[in-house]
Amino acid sequence: MLLRKRALDAIAAGEVDLVFRRWKRPTVKSGGTLRTPVGLLQIESVEKIDLDEVDESSAERAGIEYDELIGFLEAKSDGDVYRVKLGGIVPDPRIALRENDHLEPEDIAALVNSLDRLDAASKRGPWTSQVLTLLADNPHVRAQDLAEHMGLEKMVFKNDVRKLKALGLTISHSPGYELSPRGRAFFDHLSDRGDEDP
């Protein structure tokens, strides 16, 4: 469920608490969350409804004119109409995680184990160290260019970086990426350990 920045700001301000969509299958679920640029959006409920259940009041709660909302929902004939009740927006825990560059030995061990699991699950072999090094040496470089450097499709590369982001190691930009403070501290630790190896 894509939401524009203006809509997200209105939700965060408490001005919007409903969203309407026409879907073949809902892309969010009751009690779930949606990761957005401004934090985690709480999804309270997702309910299939008839179009005639959409009224002026619900359009106002969705932050849109009634006629515009109906036109939006009628623009696609396939799928059902859903009313999504929204909760608040809470901070994305990945943001606090990526800013934490004070790594205890157990933090480093956990990250090493996580990266080892990602490498072991890859059909093309170990990749995490290579991607971390690439991002450390090429901040803010387009994903397409980085992917070509590694001989990968762009979406395969972006999916790899997404896995590192979930560990708090990277930050996404437009364009490109960089290591987060946590990622930099971890990368420096690995580099120092490599220098110490005989």
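Things to note:
- Residue 73 in contact (Cβ under 8 Å) with a residue 60 or more places away in the chain and open to solvent by less than 20 Å² (accessible area, probe 1.4 Å): no
- Residue within the stretch 94-105 that is over 24 Å from the mean Cα position of the chain (by Cα) and without any contact (Cβ under 8 Å) to a residue 24 or more places away in the chain present: yes
- Matching option when the condition is open to solvent by 40 Å² or more (accessible area, probe 1.4 Å) and at pLDDT below 95, among 195, 92: 195
- Residues in the stretch 121-154 that are part of a loop (DSSP other than H, G, I, E, B) and not aliphatic (A, V, I, L, M): 122, 123, 124, 125, 126, 127, 138, 139, 140, 142, 151, 153.
- Annotation note: of 78, 67, 52, 9, the sole residue that is farther than 23 Å from residue 162 by Cα, open to solvent by 40 Å² or more (accessible area, probe 1.4 Å), in contact (Cβ under 8 Å) with a residue 12 or more places away in the chain and assigned to a helix (DSSP H, G or I) is 9.
- Test result for residue 61, under 24 Å from the mean Cα position of the chain (by Cα), at pLDDT 95 or above and open to solvent by 40 Å² or more (accessible area, probe 1.4 Å): no
- Subset tally (residues that are exposed (fewer than 14 other Cβ atoms within 10 Å of the Cβ) and part of a strand (DSSP E or B)) for the stretch 33-43: 1
- Hits in the stretch 143-177 - residues which are under 21 Å from residue 36 (Cα atoms), open to solvent by 60 Å² or more (accessible area, probe 1.4 Å) and over 12 Å from the mean Cα position of the chain (by Cα): 155, 173, 174, 175
The values are calculated or read from the model by the stated rules, or taken from the named source; none is laboratory data. Note that the structure is a prediction, hence the values are computed from the model and not measured. FYI the Cβ positions are ideal-geometry reconstructions off the backbone, even for glycines, and counts take in every protein chain you see. Surface areas here come from the heavy atoms of the whole protein model, side chains and all, with no ligands, DNA or RNA. Shrake-Rupley method; radii C 1.70, N 1.55, O 1.52, S 1.80 Å.
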